[in-house]
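The values are calculated or read from the model by the stated rules, or taken from the named source; none is laboratory data. From a predicted model like this one, the values you see are computed outputs, not experimental measurements. As a convention, Cβ positions derive from the backbone with ideal geometry for all residues, glycine included, and neighbour counts pool all protein chains shown.
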Amino acid sequence: MPRRVECSFMMPYGAVLRRFLTLLVAFTLVGCATGQKPAPDSAAAQLLPFTYAPRQDGAVNGGVRAILQDRSGDYWFGSHFEGVCRVGRDGVRHFTRADGLSDDQVRAIQQAPDGSIWFDNGVGVSRFDGERVTTPVDREHSLLSTWAFAPDDLWFKSNGSIGFDEREREAGVYRMHGGRVWIGNNGVGVVVVDGDATFGPAPLAGAGEALLRMGAPLNSSATVNRDRSLQRVFSIGEDRDGNIWLGTIGGGAWRYDGHGLRQFTASDGLTSASVMAIHCDRDGALWLGGTGVFRFDGSRVERVH
């Protein structure tokens, strides 16, 4: 359950100065007595209850790998091994298998037309109805050949394992933009399909330093530093201005603005080397997930959670 903070104020007595100081303290504690939500303070990020530590078997913890802002304005953050958190007006609430999740790895989060929140997990899917998390156990397989695409459909992966099944080993992430299909792969990098043409990001990178740092082209066998290149793409998103963002394993985030590529790393405030999730919220703010949750303000990245 989320923690509730109750605030009380001592009534001033005596001198006018003492009354003034008390009122000043009460003013600075915005929202404690009125229930209003205080403005976020980037200098004091509200950290999530995720440890980001490796699993007991040594598996790497990728951190936050799914982000959603629901229609009520609350934010949901799914983790690699540690369940999912909701951050909203009631504070932070943490859900794990003990609360009904089918698995503690949350790969994707979606909201259904009825307002319920669905989690695509390492094994199975789960649903939050506003009060509790449940995991459907009955599945109807007879409609595999008769389904029809509908705008309110929610899509989930197959009920595979926590790691990778045989099909997922060659999988990537995809996004349509301006008639182009952007395909990201953890190992191959980025492929752009534009009509009948298929190419890597080099023609789009411009002539700056980004071209040198993004890794070897697709037809090259040269050894590159994969941990700081564009060759390990894990997430793709789009900001409010139509720029394409690429999240990588070890290479931070990259932005294509229609003219060239720019890499964002710790020097820009993105202290997570890996970016597993990218989400643009209703107000146009861009959120990045990794070992922490970050928000891009148009020039710099700041850690929020």
Would you check which residues across region 276-305 are more than 15 Å from Arg240 (Cβ to Cβ) and among the β-branched types (Val, Ile, Thr) and list them?
Thr291, Val293, Val301, Val304
Can you report the number of residues in region 255-305 which are in a strand (DSSP E or B), within 29 Å of Asp194 (Cα to Cα) and within 15 Å of the chain's Cα centre (by Cα)?
9
Complete set of residues in region 276-305 that are acidic (Asp, Glu) and closer than 19 Å to Val106 by Cβ:
Asp281
Residue, farthest from the chain's Cα centre (by Cα), within region 239-252, restricted to residues that are assigned to a strand (DSSP E or B) and under 27 Å from Arg71 (Cα atoms):
Ile244
Hey, can you tell me all the residues within region 51-92 that are over 15 Å from Gly292 (Cα atoms), at pLDDT below 95 and surrounded by 15 or more Cβ atoms within 10 Å (Cβ to Cβ)?
Gly88
Leu246 passes all but one of (1) among the aliphatic types (A, V, I, L, M); (2) surrounded by fewer than 17 Cβ atoms within 10 Å (Cβ to Cβ); (3) at pLDDT 80 or above; (4) closer than 20 Å to Thr265 by Cα; which number fails?
(2)
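On the basis of being closer than 19 Å to Arg282 by Cα and among the basic types (Lys, Arg), does Arg132 make the cut?
no
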When you scan region 58-123 for strands (runs of 3 or more DSSP E) that lie fully inside it, which ones turn up with 2 or more residues that are without any contact (Cβ under 8 Å) to a residue 40 or more places away in the chain and more than 20 Å from Val304 (Cα to Cα)?
117-121
